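Here is the structure we will look at.
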Amino acid sequence: MSQNETPLYTALLQHAKRNPVQFHIPGHKKGKGMDADFRNFIGENALSIDLINIAPLDDLHQPKGIIKQAQDLAAEAFGADHTFFSVQGTSGAIMTMVMTVCGPGDKIIVPRNVHKSVMSAIVFSGAVPIFINPEIDKDLGISHGITVDAVEKTLREHSDAKGLLVINPTYFGISADLQKIVEVAHSHQIPVLVDEAHGVHIHFHEDLPMSAMQAGADMAATSVHKLGGSLTGSSILNVKTGLVSANRVQAILSMLTTTSTSYILLASLDTARRQLATVGREMINEAINLAGYIREAVNEIPYLYCVGSEILESEAAFSYDPTKLIISIKELNITGYDVEKWLREKHNIEVELSDLYNILCLITPGDTKTEADLLIAALRDLADEFKEMAAEHEKIEVLLPDTPPLALSPREAFYAETEVVPIEESVGKISAEFIMVYPPGIPIFIPGELITEDNINYIRKNIEAGLPVQGPEDPEIKHLRIIKN
């Protein structure tokens with residue numbers, strides 16, 4: 001088949017055109033049985049392909065027809081041996097990767113700045129995380145990737161590990177030397193799993209970081225919906241066989257996936273793959289050029305700094321994605337959260353992420369010079385409004401969380417007998433819950449780690465700044481659940 005074809009999407013359109021009488025779910029029956037306001041907003045076309053896995057439409061859990069054809073085309077486009085569609089987002093694909101290679105008591109090597117889905121999979125599987133601390137950018141206050149040297153050292157100490165997980169690229173678009181990391185891991189016969197949530201587009205342009213499949217990784221969980229043009233919640237899992245079994249991947253993914261799979265999401269994956277494979281390079285090239293235009297303009301604005309290629313100074317920051325605009329605002333003497341809120345209220349602009357020191361803006365083929373100029377004008381307005389505060393600015397000491405010691409495996413801690421204590425009494429105790437700032441969803445504490453005073457202070461600092469600290473049962477985070485005794 002040609003990359004211009006969309007076997008799944010085309011078959012859905014043909015099925016809708018036949019307009020069969022439906023005595024199966026979904027119960028809204030092409031929209032006739034749902035709330036009229038919602039039906040009118042969504043539209044009849046979308047509702048006509050909101051279908052279920054009846055025989056003519058194949059089954060994601062055991063694909064043999066149009067879904068298999070669509071997945072095979074995706075595998076060809078991404079350079080994989082097998083590609084699996086996910087309607088559980090990249091979180092579902094990440095959990096599948098971990099559970100494919102790990103069972104109870106197995107070690108898995110992971111960067112500390114992993115997404116919460118990795119830690120969820122570690123709890124489910126009973127695996128034991130061996131953390132590698134990522135390189136820290138103390139000027140920006142963000143984590144980069146892991147170095148080849150750190151991987152080699154950890155593999156020497158934990159040669160019995162069942163897998164190595166790498167983030168490529170990070171949320172902020174920074175990539176380590178993935179190809180060398182894969183070579184080192186494979187020399188130990190250890191599979192490499194890649195969280196490629198923020199890198200679906202990198203495979204399709206030579207000026208972007210190397211993709212997981214290009215680097216020879218064994219599995220990669222890739223968010224097509226984030227930057228590839230599919231609908232929210234639709235992702236793919238790319239697999240190269242050898243150190244992992246595609247059949248086991250299918251079995252684990254099926255265990256984690258709803259049997260009521262969304263055909264609208266699946267169709268959007270099919271069409272997004274076509275677009276990336278046929279015109280992706282041209283579209284991405286335009287996004288890169290537009291991002292460069294914004295970066296140049298922002299760096300002319302007083303007190304603001306938009307990161308460029310000068311960030312590439314180590315193996316942990318080996319390459320970067322210029323379509324991710326990391327804009328440092330710390331010289332304005334306000335937080336990134338303050339800026340996010342200000343942009344929303346004053347200019348009706350929403351950013352991808354804010355932290356204590358930065359905002360992150362994503363430039364995709366969906367953006368034009370019109371949106372770019374609106375952002376530039378808003379940032380000029382921002383710098384002008386807060387210039388007096390910037391004049392009072394003193395050098396900020398960037399605060400980042402430490403990696404606490406792991407006292408119990410996450411699974412043991414998650415299922416242990418627990419109690420709730422005031423947060424100020426939790427220091428020195430063992431955490432029984434996750435605590436993270438989301439986005440990006442990087443843990444401050446995971447179940448089984450010792451609670452430290454420094455990290456409690458980091459939590460408080462984020463709460464004071466208005467940043468979204470999540471995880472604890474107590475939404476006000478005045479109490480934490482700890483292991484009893």
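Key figures
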quantity	calculated
Single condition residue 338 does not satisfy, out of (1) over 22 Å from residue 308 (Cβ atoms); (2) in contact (Cβ under 8 Å) with a residue 40 or more places away in the chain; (3) acidic (Asp, Glu); (4) surrounded by fewer than 18 Cβ atoms within 10 Å (Cβ to Cβ)	(4)
In region 412-429, the residues that are among the hydrophobic types (A, V, I, L, M, F, W, C), open to solvent by 30 Å² or more (accessible area, probe 1.4 Å) and not in a loop (DSSP other than H, G, I, E, B)	414, 420
Number of positions in region 20-42 that are touching a residue at least 24 places away in the same chain (Cβ under 8 Å) and either more than 15 Å from residue 262 (Cβ to Cβ) or not aliphatic (A, V, I, L, M) (or both)	2
Unique match (being open to solvent by less than 10 Å² (accessible area, probe 1.4 Å), touching a strand residue (DSSP E or B) at 6+ places or on another chain (Cβ under 9 Å), at pLDDT 95 or above and closer than 26 Å to residue 228 by Cβ) among 379, 343	343
Count of region 23-41 residues which are more than 17 Å from residue 87 (Cα to Cα) and surrounded by 14 or more Cβ atoms within 10 Å (Cβ to Cβ)	6
Residue 136 surrounded by fewer than 24 Cβ atoms within 10 Å (Cβ to Cβ) and either of a type in the set (Phe, Trp, Tyr) or at pLDDT below 95 (or both)	yes
Cβ pairs under 7 Å, 6+ apart, first in region 374-392 and more than 21 Å from residue 293 (Cβ to Cβ), second of a type outside the set (A, V, I, L, M, F, W, C) and assigned to a helix (DSSP H, G or I)	390/331
Which numbered condition residue 255 misses (of (1) open to solvent by less than 70 Å² (accessible area, probe 1.4 Å); (2) under 23 Å from residue 217 (Cβ atoms); (3) hydrophobic (A, V, I, L, M, F, W, C))	(1)
Which numbered condition residue 331 fails, given (1) in a loop (DSSP other than H, G, I, E, B); (2) open to solvent by 70 Å² or more (accessible area, probe 1.4 Å)	(1)
Residue count for region 283-327, restricted to those that are outside any helix (DSSP H, G or I), within 17 Å of residue 139 (Cβ to Cβ) and open to solvent by 30 Å² or more (accessible area, probe 1.4 Å)	7
Residues that are of a type in the set (Val, Ile, Thr) and touching a residue at least 60 places away in the same chain (Cβ under 8 Å), drawn from region 465-485	482, 483
Helices (runs of 4 or more DSSP H) fully within region 43-133 counting 2 or more residues that are open to solvent by less than 10 Å² (accessible area, probe 1.4 Å) and either among the β-branched types (Val, Ile, Thr) or free of Cβ contacts under 8 Å to residues at least 60 places away in the same chain (or both)	89-101, 116-125
Conditions (1) surrounded by fewer than 24 Cβ atoms within 10 Å (Cβ to Cβ); (2) acidic (Asp, Glu); (3) more than 30 Å from residue 152 (Cβ to Cβ); number of the one not met by residue 270	(1)
Inter-residue pairs, beta-carbon under 6 Å, first within 14 Å of residue 63 (Cβ to Cβ) and in region 244-259, second crowded, with 17+ Cβ neighbours inside 10 Å, 6+ apart	246/82; 246/239; 249/100; 249/239; 253/84; 253/96; 257/88
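The values are calculated or read from the model by the stated rules, or taken from the named source; none is laboratory data. As the structure is a prediction and not an experimental result, all values here were calculated from the model. Positions of Cβ are backbone-derived with ideal geometry, glycine not excepted, and every protein chain shown enters the neighbour counts. Ligands, DNA and RNA are excluded from the accessible area calculation, which covers all protein heavy atoms including side chains. Shrake-Rupley method; radii C 1.70, N 1.55, O 1.52, S 1.80 Å.
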